[in-house]
1. So how far, in whole Å, is the C-alpha centre of the stretch 1-67 from the one of the stretch 149-206?
2. Calculate one ³J(HN,Hα) per residue across the stretch 68-84 by plugging θ = phi - 60° into the Karplus curve 6.51 cos²θ - 1.76 cosθ + 1.60, and present them in order as whole Hz with x for glycine and proline.
3. Can you run phi through the Karplus equation (6.51, -1.76, 1.60; θ = phi - 60°) for the stretch 210-217 and list ³J(HN,Hα) in whole Hz, with x for Gly and Pro?
4. Could you give me the ³J(HN,Hα) list for the stretch 195-202, computed from phi with Karplus coefficients 6.51, -1.76, 1.60 and θ = phi - 60°, whole Hz, x at Gly and Pro?
5. Need one number: nm distance between label points at Arg136 and Val33, each 7 Å from Cα along Cα→Cβ, rounded to one decimal.
6. Looking at the stretch 129-203, which trypsin sites (Lys or Arg not before Pro) are DSSP coil and have at most 12 other C-beta atoms within 10 Å of their C-beta?
7. Within the stretch 25-105, list the GluC sites (Glu not before Pro) lying in a DSSP loop whose Cβ has at most 15 other Cβ atoms in a 10 Å radius.
8. Arrange the following residues from fewest to most other Cβ atoms within 10 Å of their Cβ: Ser15, Ser201.
Amino acid sequence: MPAAVLFHFPLDPASRLARLALAEARLEVEEAVVRPWEPDCPLVGLNPSAMPPVLRIGDDRRPLVLCETAAILGWIEDQQKAPLLLPRDPAERAEARRLTAWFERRFSDEVNAVLLHERLEKPLLRLGSPDARALRDGRAALKEHLLILEGLAGSRDRLAGRHLSQADLVAAAHLSVLDYFGEIGWANWPSLKDWYVKMKSRPAFRSLLTDRFQGVAPAAWYADLDF
């Protein structure tokens, strides 16, 4: 495999998804942490949206540049001799794609755009203290999504069916950031907690558990595999 560099921000859910997927595929990449809100961020010259993650493969003369998760996940799957992130079963493949789209649209819009804006973006951009009303709204939306995920985790081996898929990775990527900030009361979601414990225990997850956000310590259980 040619030299590859993943440009990412550690507590960005999309970046975490790319890291998990690359690790599950056992593809070695160099990681370059970027700060997309800064004017000299290298993503400006790589991705028209200037957002992470971006995977650059090959040398500087003729690199293959994959912008954001759909392109990166598709490229990873193309490198495999057998299905890795999308199961062979058509129903499970469709469900994995549905859940991936759900997280990247509804979950991002209804939960992350509120809670991560208040807990992550405001401190980074020095926009003031979290707004109590916004936090209440974001937590109410999160509860609705967790209720759905609890049902899936309690009725299936994996979120999309019998096999590990990109749906598990995208869910773990998003939930792990919220877990860092202590936003998930796992005792209320026992089936989802069992699923998350299994995800945290996978070798691909190890690097995520070492991430830290300057000025904010993670929840006490964040890096604990048996919480």
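1. Comparing the Cα centres of the stretch 1-67 and the stretch 149-206, I get a distance of 24 Å.
2. Couplings: 6, 5, 4, 5, 5, 4, x, 5, 4, 5, 5, 7, 8, 7, 9, x, 10 Hz.
3. Whole-Hz 3J(HN,Hα) from phi for the stretch 210-217: 9, 5, 9, 10, 4, x, 10, 6.
4. 4, 5, 4, 5, 5, 4, 7, 6
5. About 3.6 nm, to one decimal.
6. Values: sites: Arg133, Arg136, Arg139, Lys143, Arg156, Arg158, Arg162, Lys193, Lys198, Lys200; in loops: Arg156, Arg162.
Those satisfying the criteria are Arg162.
7. Glu28
8. Ser201, Ser15
Read-outs throughout are calculated quantities, based only on the coordinates presented, and are distinct from any laboratory measurement. Please read these numbers as outputs of a predicted model, since none were measured by experiment. We place every Cβ from the backbone using ideal geometry, glycine too, and count neighbours over all the protein chains shown.
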